[in-house]
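Structure first, then comments.
Read the figures in this text as sums done on the coordinates, not as results from a lab. Keep in mind that what you see is a predicted model, and the values were worked out from it rather than measured. Don't worry about glycine lacking a Cβ; one is built from the backbone with ideal geometry, like all the others, and counts go over all protein chains shown.
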Amino acid sequence: MNAGRPARPRSFLVTATPPTTNGDLHLGHLAGPYLAADVFSRAQRMLGHTVLYVCGGDDHQTYVVTTAERLGTTPEALAARCTHDIRETLRAARVSVDTFTGPDEPYRARVRGFFRDLYRAGRLVRRTWTFPYDPRTGRHLLEGFATGYCPECLAETCGAICETCGHPNEPGTLLHTAPTGGRPAPAAVTSRDVTVLVLPLEDHRARIEAFYARRRSTMRPHVLRFVDEMLARPLPDFPVSYPADWGIPVPVDGFPGQVLNVWAEMLPGLMHMAATARAGHDPEGTVPDVWARDSGHELVQFLGYDNTFHFALAHLGLTLAHGGLAEPAAIVTNEFLHLDGAKFSTSRGHLVWARDVLARHGADAVRFHLALTHPEHQPANYTEAEFLTTVEARLHRPLAALHAAADHAGDRPAPPDTATTEVLGRYRDRMLHAYSMETFSLRQAAETTAHLLALLAARAAADPDAARYGLRAVAVWAAPLLPDLAGELRHRYGAPEQDTGRLQEVLTAW
């Protein structure tokens, strides 16, 4: 691999799925798209590329309503409090987003305009859907208001999407549908036919197939398997509106008592977040819309696997229907992180709050362990005991040995020998591979760093100069993963903040 500075600087637009503002981030949330997108963004900046990393609160989920009812507050108050808490937790984890916004009036205006334009262009159509209906509450049972069993994999799930297999369900297709939330269940659930606004995904089949034929190398295997499953049958209509009173009202006539589907809202919502971030860097407005198809930005989206349908098919369909938006260059998914062998669950109290672990152990220790155990391709498990053991054995202990040895090397160690240069060159190349969009892997970045620390620590007493050079290399190449440690090492050993030049030149300059 060429270790020199990239010949062509690239521009990346990075998104992480907006978290639902019905609670703070637990450790399972942090282990997912937010940490991965942060490491990717930091790495691209280190390599000389331009990056906008955007996210924001997902206030209009029905889960905000059901949680507010359970807590005896309003959805508005809950969303505002949780947006503040999430921002603080991301800050404590050193997750540096360029913007983290909520749905203010400019946001709502952009969302309304996006769907009004699609409707006027004939891209959205009317369909009659059958919704389960709770006559006691007057609520249509959809999204978080409904519970039942997935018609695809038979797992227990809520409405819209099955978290287990990722397949969508129409409100009427859940098996054994019942109400959820903070109110008693009625004696019986009836049904109502409602005319809603939909995007017919099947109309875009040919272009969706062509897109995935072009982009197979930058999609996670589980995404491709899911898309292949969906394309093996007629694609469903994607609901753009549904009957509810929490969210953004439908901006066209003929849909009274309906709001925009929050998962449809999310695409223009992220576009607004990106525009807000761009304006923060370019207040004069000299740079065009970064989400535009010809903007030159590569769109890289990080999300949990359970959101795959919405990003890989629904949002792609909306993008194709619009015609002027950037298509994803990569969709980077993660599976679930479990706690003591079971899913994190706010409702059951089966969770560990991310801010609590960060306060006790610091950002780098948490980032290191979550990267080592990152659920890239299959579920992973977290236990407190394993966290403490792993961080001590694979980070703190080798670092202590290396610091002790490096102190004996003095301020001007001898130039690195061939063996040291080769080892650190291989470390650099493997970290560059882990940070690349095409082969991005949090696990590989963390494992490679842990292996280097172990190798250097085993030889530290015999070769203190190599220990010092190794710590300087970690300060450069592990900085996206361990930003606090990298800053400490730069201060202690004089390593440069960034360097993508040839390793031999870096080492001799030190």
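Available extension along the chain between residue 361 and residue 384 is 7.1 nm, counting 0.36 nm per residue and deducting the alpha carbon span. Normalised by the number of residues in the chain, the average gap of Cα pairs under 8 Å and 6 or more apart makes the relative contact order 18 percent. Counted residue by residue at 0.36 nm each, then reduced by the alpha carbon distance between them, the extension gain from residue 253 to residue 433 reaches 59.6 nm. Taking other C-beta atoms within 10 angstrom as a stand-in for reagent exposure, 203, 134, 193 fall in the order 193, 203, 134, fewest first. In this simple spin-label model, placing a label point 7 Å from the Cα along the Cα-to-Cβ direction at both residue 170 and residue 207 gives a separation of 2.4 nm. In this simple spin-label model, placing a label point 7 Å from the Cα along the Cα-to-Cβ direction at both residue 163 and residue 104 gives a separation of 3.2 nm. What is the calculated FRET efficiency for residue 224 to residue 407, with r their C-beta to C-beta distance and R₀ = 60 Å, to the nearest 0.05? In this case the efficiency is close to 0.75. Dipole magnitude for region 383-509: about 140 debye, using +1 per Lys or Arg Cβ and -1 per Asp or Glu Cβ, origin at the Cα centre.
Cβ distances below 4.7 Å define possible disulfide partners, and in the chain the cysteines left without one are 55, 82, 158. Each part reduced to its alpha carbon centroid, region 206-225 and region 70-145 end up 28 Å apart. Taking the average, over residues, of other Cβ atoms within 10 Å as the packing measure, peptides 80-90, 360-370, 471-481, 257-267 rank 471-481, 257-267, 360-370, 80-90 from highest down. Placing unit charges on each Cβ (+1 for Lys and Arg, -1 for Asp and Glu) gives region 190-266 a dipole about its Cα centre, and among 236, 201, 226 the Cα reaching farthest toward its positive end belongs to 226.
Along the axis of the charge dipole computed for the chain (Cβ charges of +1 for Lys and Arg, -1 for Asp and Glu, origin at the Cα centre), the listed residues 56, 295, 305 are led at the positive end by 295.
Overall, the chain carries a charge dipole of about 500 debye about its Cα centre when +1 sits on the Cβ of Lys and Arg and -1 on the Cβ of Asp and Glu, all other atoms neutral. Across region 230-268, the residues whose backbone nitrogen lies under 19 Å from the label position 7 Å along the beta-carbon direction of residue 279 are 266-268.
Here the calculated FRET efficiency for residue 327 and residue 245, from their Cβ-Cβ distance with R0 = 25 Å, stands at 0.15, rounded to the nearest 0.05. The charge dipole of region 301-435, taken about the Cα centre with unit charges on the Cβ atoms of Lys, Arg (+1) and Asp, Glu (-1), comes to about 140 debye, rounded to the nearest 20. For residue 154 and residue 397, a Förster radius of 41 Å and the Cβ-Cβ distance give a FRET efficiency of 0.30, rounded to the nearest 0.05. Projecting label points 7 angstrom from Cα along Cα→Cβ for residue 50 and residue 76 puts them 3.9 nm apart.
Multiplying the residue separation of residue 418 and residue 350 by 0.36 nm and removing their Cα-Cα distance gives an extension gain of 19.3 nm. Once a ≥ b ≥ c are taken as the square roots of the eigenvalues of the Cα gyration tensor of region 11-343, is the result rounded (a/c under 1.5), prolate (a/b larger than b/c) or oblate (a/b not larger than b/c)? Note, shape of region 11-343 comes out rounded.
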